[in-house]
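Below is one structure, written out as structure tokens; the observations come after it.
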Ligand code: HEM
């Protein structure tokens, strides 16, 4: 490995991340096809309504496993909030100001921790549980309840994931390679995760 690079993710973490993203894209495309009559044409890509439903269910199983696998990589760090995380939140990571610099952060910043806990774990649990309710329930009451929460969680995902993609690519150059090559530069670590830089001895 080049001496100016730092390992950010393992091969397994990257594989699982792209499994999560791919299953998510299939779920979103088929989901939009079911939700709106005007978008029903989307399901023709997946071989028509009936096949699209089967693909949606099995992509849901892949998504479920993939969310479970993320617990090992991110839950431990995400549930530990430190004083630096509160500093990050009170300045929103410096994103809304030209003068504020990012407060020192550990391996994950406070925004990543909240995205993981609130979107991936909490909303993920709601969409997964209600997905299985819609798959197996028979009574109208359960189906109505399932539909309501499944759609609500869907809205949370389709509004927040684009933000995650923007922040991990265009907004913060040098981040995307963490999920392709697995490495980031030392300069990137010092800039975005100064506390982590100290922990791994590069400062
Ligand atoms: C397809 C578009 C996506 C792109 C380009 C993308 C990009 C990235 C990048 C570059 C990172 C590494 C950030 C870092 O190391 O600081 C990351 C991390 C992560 N991604 Fe994605 N991602 C995508 C989709 C998703 C989806 C659909 C989910 C969940 C439903 C997701 C969940 C996560 C989680 C939990 C992490 C680790 C914590 C974090 O950095 O927030 N990603 N992603």
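The values are calculated or read from the model by the stated rules, or taken from the named source; none is laboratory data. Source: prediction; values computed, not measured. Note that each Cβ is placed from the backbone with ideal geometry, even for glycine, and that neighbours are counted across all protein chains shown.
List of remarks:
- Of the residues making up region 90-120, those that are modelled with pLDDT under 95, at negative phi and not in a loop (DSSP other than H, G, I, E, B) number 1.
- Lone qualifier among 93, 60 - being under 27 Å from residue 183 (Cβ atoms), within 22 Å of the chain's Cα centre (by Cα) and surrounded by 16 or more Cβ atoms within 10 Å (Cβ to Cβ): 93
- Any hit, region 112-126, residues being under 21 Å from residue 197 (Cα atoms), buried (at least 17 other Cβ atoms within 10 Å of the Cβ) and either more than 12 Å from the ligand (Cβ to nearest atom) or touching a residue at least 24 places away in the same chain (Cβ under 8 Å) (or both): yes
- Candidate set from region 172-187 (those that are touching a residue at least 60 places away in the same chain (Cβ under 8 Å) and out of contact with any strand residue (DSSP E or B) (no Cβ under 8 Å at 6 or more places or on another chain)); member that is farthest from the ligand (Cβ to nearest atom): 187
- Residue match in region 136-159 (condition: within 24 Å of residue 96 (Cβ to Cβ) and either free of Cβ contacts under 8 Å to residues at least 40 places away in the same chain or more than 15 Å from the ligand (Cβ to nearest atom) (or both)): yes
- Restricted to region 1-83, the set of helices (runs of 4 or more DSSP H) holding at least 1 residues that are in contact with a helix residue (DSSP H, G or I) (Cβ under 9 Å, 6 or more places away or on another chain) and within 15 Å of the ligand (Cβ to nearest atom) comprises 11-35, 49-70.
- Lone unmet requirement of (1) out of contact with any helix residue (DSSP H, G or I) (no Cβ under 6 Å at 6 or more places or on another chain); (2) more than 14 Å from the ligand (Cβ to nearest atom) for residue 202: (1)
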